[in-house]
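The values are calculated or read from the model by the stated rules, or taken from the named source; none is laboratory data. Just so it is clear, the model here is predicted, and its values are computed rather than measured. Here the Cβ positions follow ideal geometry from the backbone for every residue, glycine too, while neighbour counts run over all protein chains shown.
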Amino acid sequence: MPMLTFKVARLLVGAAVLTATGGAIAATPAPAGMTLASLKGDPAKGEKVFVQCKTCHVAEKGVNRIGPSLFGVVGRHASTVPGYAYSAANKKSNLTWTADQLFTYLESPQKVVPGTKMTFAGLKKPQDRADVIAYLKTKA
């Protein structure tokens, strides 16, 4: 039986690395060191990405769902939305939702706050996170 050899090619496109192996292309996380400051968030695009969040969250003041309202979230201290029952992990996190903290959290909520009730796997594309944060900044 002949041995098959696949070449691997990596190409940086925007904020994602595309890896081609044997004709298949898969997106992998952006290069280490990608920061919010290196990206320009687009609120209109962020509103479209936010659709994924609407199962659990809205950006309307005083409206909690499965998750707390995200109205005014940028700059707010964690676990402070009235009427929402936060997990013990969130209460103990002592986080303030700065844009940079949200950028990190939205990539992998469970990694940043182990034990959080937020079961969302995260937004792996840095540009999507930057866009959602830009959108949330308009909701204050």
TODO: Go through (1) outside any helix (DSSP H, G or I); (2) touching a residue at least 12 places away in the same chain (Cβ under 8 Å) and name the single condition Thr80 misses.
DONE: (2)
Open item on the list: Contact list please: Cβ distance under 6 Å, first residue in the range 48-76 and free of Cβ contacts under 8 Å to residues at least 24 places away in the same chain, second residue in a loop (DSSP other than H, G, I, E, B) and surrounded by fewer than 16 Cβ atoms within 10 Å (Cβ to Cβ), pairs at least six apart or on different chains.
Closed with: Asn64/Gly83; Asn64/Tyr84; Pro68/Tyr84; Ser69/Val63
- [ ] Mind listing whichever residues of the range 47-64 are acidic (Asp, Glu) and either out of contact with any helix residue (DSSP H, G or I) (no Cβ under 7 Å at 6 or more places or on another chain) or in a loop (DSSP other than H, G, I, E, B) (or both)?
- [x] Glu60
- [ ] Look through the range 118-131, keep the residues that are more than 9 Å from the chain's Cα centre (by Cα) and surrounded by 18 or more Cβ atoms within 10 Å (Cβ to Cβ), and return whichever of them is nearest to Ala44 (Cα to Cα).
- [x] Asp131
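This table checks each residue for (1) of a type in the set (A, V, I, L, M); (2) modelled with pLDDT of 95 or more; (3) crowded, with 17+ Cβ neighbours inside 10 Å.
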site	(1), (2), (3)
Val49	yes, yes, yes
Val58	yes, yes, yes
Phe71	no, yes, yes
Ala85	yes, yes, no
Thr98	no, yes, no
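The rows are residues; the columns are (1) outside any loop (DSSP other than H, G, I, E, B); (2) touching a helix residue (DSSP H, G or I) at 6+ places or on another chain (Cβ under 6 Å); (3) without any contact (Cβ under 8 Å) to a residue 60 or more places away in the chain.
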position	(1), (2), (3)
Gln101	yes, no, yes
Leu106	yes, yes, yes
Lys111	yes, no, yes
Gly115	no, yes, yes
Thr119	no, no, yes
Lys124	no, no, no
Ala134	yes, yes, no
Ala140	no, no, no
